[in-house]
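First up is the structure itself, then whatever we jot down about it.
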Amino acid sequence: MKRNFIAVFFAVAGMVCHAGDYFVKEVVFPAGADSAARVDMASRVVPTPRQMAWQELELTAFLHFGINTFTDREWGDGQEDPATFNPVMADCDQWVRTLGDAGFKMVILTAKHHDGFCLWPTSTTAHSVASSPWSDGRGDVVRDLREACDRYGMKLGLYLSPWDRNAECYGDSERYNSMFVAQLTELLSNYGKIDEVWFDGACGEGPNGKKQEYDWARFKSVIEKLQPDAVTAIMGDDVRWVGNENGTGRLTEWSVTPKMPGILPGAEEYNSRLGLNDMGGDLGSRGLLCKADGVRWWPSEVDVSIRPGWFYHDREKPKSLRRLAEIYLNSVGRNSVLLLNVPPDRNGLIASSDSTRLIELRHWLDSNFGTSLLGDVDLDKCRGTLKTPGEINCVELGEDISKGQQIESFDVEVLTPDGWHKAARGTTVGYKRILTFAPVEASEVRIVVTGSRGNVTLRSMGAYRIELPESEADNAVLCLFPGSEMKPVRVNGSEAECRGLEKAFDGDASTSWTSGQSVSGHEIEVDMGCEIHVDGFVYTPGDGGGFDNTIFKYEFQLSRDGVAWTDAAAGEFGNVVNNPIPQHVFLDKSVPARYFRLRSKATVDGSDRITIAELSIIEGDGSD
Ligand code: FUL
C-alpha cells in the first residue's frame, strides 16, 4: 500500500490534525486524486482520542425520563403542566447500579426532550423541575444522576433536544439559539464531566409555522470549550446515527464515510448529490469514495429502546432476552456502539421487569462471550488454535482502529477433522465484528482477508460456541377485534374508495392499503358488525414506516349506530417517523361502539395519500 502520498487536506468542520501517516478524524481529497489515492487516504483516517474512548465503551444506556413519563406520550406538545412531574421515589442510584451491574459504561439522560421540560432547575425557563411538586421544586435530576454516576464509576452523557415545543421564542432563530446556548452552558458547566452530548435530529416548526435555523457551529463551539472530551452525537460530528431505532446495524459498516454531518453547512445538498441518507445501506464503499470530496471518521451508534417506546408506558413490556441478544449481535457485533434505552417509570425507578431482563442479558453475555475458546492467537497471521478441539459457531474479530479501518471482505475458515472448511464470510470488521454460523467441529480458526484498503492489523480474535436464548413473544398480548369482521363503509365519503382497504385488516403487516389523493386529509369509516367495548386502536404504518404516506396527526371517532358520533381520541403519532412500530392509542375509558372512524389530519411528509399496513381495534371487557 502506498504510504508516501502527500495529502493536501483542510478543515471542513474545525480541527483536523495530521499524525504521522494518519489523518485524525477527516481528510479532504485533493483535486484530481485518483481512486487508488482516495482509497489509500480513506484507509489512513483514524478516530480522535474521544471517539476512541467512546468506541471502547461498547455498551451505553439511554434514560428517557420526563413529562412524557407522566402523560403516557412519546412526544409531548410543550403544553404540559409541570405539576404532572412527580417521581415520588426517584432514585438515580438504582438506575446507575442496575445499568452498571448489566455492564453499561455510560448513561445518557434526556435532560430536555422535545416538550421543553427541563430536568434541571434552569434559569432559562420556568418549564422545569423547579415548577413541579417533586421535592417541593428543589429537585434536580441531572445533579442526582451526576452524583450517582460518581458513586458507581459511570460516565454521564446528556440529551438536549434542540426542538423545543414549549419555548415561546422557538422559531425566532437568534433568540432561541441564545436560549439553547444558555441551557447547554448550564448543563456543561455545572454537572462535572460530560462524555457525550446528544442532539436529536427531530425538528418541528415553531409557533405560526416559523422555521428555527439552528446555529450548530455556535453549539459545537460551546461544547468544545466546556467539555472538550465529550463526543457529539447525531446532530454532531463524532457519532453517527445508524439510521433506525430497531437495533440493527449494517452488515457492511464503515466508520470512515463520505457522509457529511447535518450540522455542517451545505450537508443536505452534498449528501443528496452523493445519494447518501441516514438510512442508506452504503455509506462507505469504494464507489462512493470516488464521488466524494473527502471522508471522515464518523462511527455508528445503534439507539434502541428495551421497550417499544422510548418513554415508560405501563402497558408495554421489555423486549425478550432473545431480542436483546440479537440486538447485541447486530450492533456491537456490527462495528457500532449500542445505546440501549431503559426508561425509568413514574415512581422514578427502573421497573423490575427491565432490571431482570438486563441481568439476564449480562448472564447471557458472560456465559456466551466470557471466555474465548481460542488458546494461542497469532494476530499477525490472523489465526488461532482452540484450547481444546470442539464445536464453535461464532467468531469475534476486531481491527486496531488506531491504524484505521481496512478490511473490506474476509472469510472465516476452521480446521475440521476433514481439513479446512469455510464457515462464514463477512465484509467490514472495524472495531468489532461478530459472525455466527452453523456449529462446526474445529481445532483451529483462520481469517482470510479477501479485500482490504491498507495493511490489516487485528486487535482481537475469539471463537465461541454460543447459544441464543429461546424465542418468546416480545409484548403483552392485547385483545384485538378480528380484522376479518371489519366492513369498510366509506373512505372520504365514498364507498368506491374502500377498494383494497381489507389489506389494512388482514393481520399481515407486509401488505398495505394506500388511499387516493386528497389534500384535505382522509377519513375511513368501518362497521365492526356488532357492538363491542373499544379500549383503543393500533395503527401500523406501511412498509417499514419512514416518510411514505405515514399518518402523523389523527382523530378517532366511535358510534353505536353509524349516525351519532363521539370524539374518542385525537393526537399525533409522536416519533412514528423514526420508530415506525405499531402505534397504540388507548382511550381514557372503554366506549361501547359498533362503528369507528379514523381521520388523518396530517402525514409526516405532507403527502396527500395515507398508507396503512394494519389497523386494529383494541377490545376491552367493559371495565376501566
Ligand atoms: C428520536 C426522538 O424523536 C425520540 O423521541 C427519541 O428521543 C429518540 C432517541 O430520538 O428521534
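How much net charge surrounds Gln51 when only other residues with a Cβ under 13 Å from its Cβ are counted (Lys, Arg +1; Asp, Glu -1)?
-4
Among Ser512, Val526, Ala602, which residue has its Cα positioned farthest towards the positive end of the charge dipole of the range 473-624, with +1 placed on the Cβ of Lys and Arg, -1 on the Cβ of Asp and Glu, and the dipole taken about the Cα centre? Final value for the positive-end residue is Ala602. Simple point charges give the picture: +1 on the Cβ of Lys and Arg, -1 on the Cβ of Asp and Glu, and for the range 395-529 a dipole about the Cα centre of about 780 debye. Compute the Cα gyration tensor for the range 127-173, then decide on rounded, prolate or oblate, letting a ≥ b ≥ c be the square roots of its eigenvalues: rounded whenever a/c is under 1.5, prolate when a/b is larger than b/c in the other cases, and oblate in all that remain. Since a/c reaches 1.5 but b/c is at least a/b, the shape of the range 127-173 is classed as oblate.
At full extension, Glu502 and Glu213 could sit 99.7 nm farther apart than now, given 0.36 nm per residue minus the alpha carbon distance. Out of Val302, Ser623, Thr122, whose Cα points farthest toward the positive end of the dipole of the chain (charges: +1 Lys, Arg; -1 Asp, Glu; placed on Cβ)? Comparing the listed Cα positions along the dipole, Val302 ranks first.
Quick one: net charge around Phe556, please, counting Lys, Arg +1 and Asp, Glu -1 for every other residue with C-beta under 10 Å from its C-beta.
Value of the local net charge: 0.
Once backbone amide H atoms are built at 1.01 Å from N, Ala111 has Tyr159 as its partners under 5 Å, excluding neighbours fewer than 5 places away on the same chain. The Cα center of the range 548-624 and the Cα center of the range 274-340 differ in position by 29 Å. For the range 544-617, dividing the convex hull volume of the Cα atoms by the residue count gives 93 Å³ per residue. Using the Cβ-Cβ distance between Trp565 and Val519 with R0 set to 25 Å, the FRET efficiency from 1/(1 + (r/R0)^6) comes to roughly 0.60. Loop-located trypsin sites (Lys or Arg not before Pro) across the range 184-230 with a Cβ neighbour count of 12 or fewer within 10 Å are Lys211, with loop assigned by DSSP. Computed about its Cα centre, the charge dipole of the range 453-515 is approximately 480 debye, with only Lys, Arg, Asp and Glu carrying charge at their Cβ. For Arg490, nonlocal amide neighbours, meaning residues 5 or more places apart or on other chains whose placed amide H falls under 5 Å from its own, are Glu525. In the chain, taking the dipole from charged Cβ atoms about the Cα centre, the farthest positive-side position among Val576, Asn393, Thr566 is held by Asn393. The dipole here belongs to the chain: it is taken about the Cα centre, uses +1 on the Cβ of Lys and Arg and -1 on the Cβ of Asp and Glu, and is about 1900 debye.
If packing is taken as the mean number of other Cβ atoms within 10 Å per residue, what is the order of 514-524, 110-120, 598-608, highest first?
110-120, 598-608, 514-524
Highest-first packing order for the peptide set 358-371, 421-434 is 421-434, 358-371, based on the mean count of other beta carbon atoms within 10 Å. Among the GluC sites (Glu not before Pro) in the range 199-292, those placed in a DSSP loop whose Cβ has at most 14 other Cβ atoms within 10 Å are Glu205, Glu213.
No lab work stands behind these numbers, since they all come straight from the coordinates. If you're wondering where the values come from, they're calculated on a predicted model, not measured in any experiment. With ideal geometry, Cβ positions are generated from the backbone for all residues, glycine too; neighbour counts draw on all protein chains shown.
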